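What follows draws every value from the coordinates through simple rules; no lab data is involved. In this text the structure is predicted, and so the values were computed from the model without any measurement. So basically every Cβ, Gly included, is an ideal-geometry build from the backbone, and we count neighbours across all protein chains shown.
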Ligand SMILES: [Zn+2]
């Protein structure tokens, strides 16, 4: 290790490079010609702008199925399909496991 090793500076440099790559990846999505599947955003097929349903004030898009959207960014009309996945999380067991293991 050199005397001028600075972990914080190196970490900041790595973070900056990763953020730049992430922004470049997102910009590439704007122009990608294929259908876009995302867990976070939908994309306007006209202007390429991406936003979450909440950012676009289109909360109905969170529901399962097809949604007609008039995008407030550019006024384009298009359809967004939403596929919902449910994950059911139950609370921890209230009693200790029975002696001898699970039954
Ligand atoms: Zn648009």
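With a cut-off of 8 Å between alpha carbons and a minimum separation of six or more residues, what is the relative contact order of the chain in percent? It would help to have the intermediate numbers written out before the result.
Values: 76 pairs, mean separation 14.3, N = 103.
This gives 14 percent for the chain.
For the residues 74, 44, what sequence is obtained by ranking on other C-beta atoms within 10 Å, fewest first?
Least to most surrounded, the residues fall as 74, 44.
Rounded to the nearest 0.05, what FRET efficiency do residue 37 and residue 94 give with R0 = 41 Å and r taken as the Cβ-Cβ distance? Could you check? Spell out each step's value before the answer.
Details: r = 40 Å, r/R0 = 0.97.
That gives a FRET efficiency of 0.55.
Given region 34-88, report the % of alpha carbon pairs whose separation exceeds 12 Å.
Numbers: 962 of 1485 pairs.
Value for region 34-88: 65 percent of Cα pairs lie more than 12 Å apart.
On full extension of the chain, what length is gained from residue 49 through residue 83, given 0.36 nm per residue of separation minus the C-alpha to C-alpha distance?
On the way: separation 34, 0.36 × 34 = 12.24 nm, distance 2.07 nm.
Length difference between fully extended and current span is 10.2 nm.
Restricting attention to the alpha-carbon atoms of the chain, what are Rg (one decimal) and Dmax (integer), both in Å?
Calculated on Cα positions, Rg and Dmax stand at 22.6, 65 Å.
Listing 87, 14 from the residue with the fewest other Cβ atoms within 10 Å to the one with the most, what is the order?
Working: 87 4, 14 10.
Listing 87, 14 from fewest to most nearby Cβ atoms yields 87, 14.
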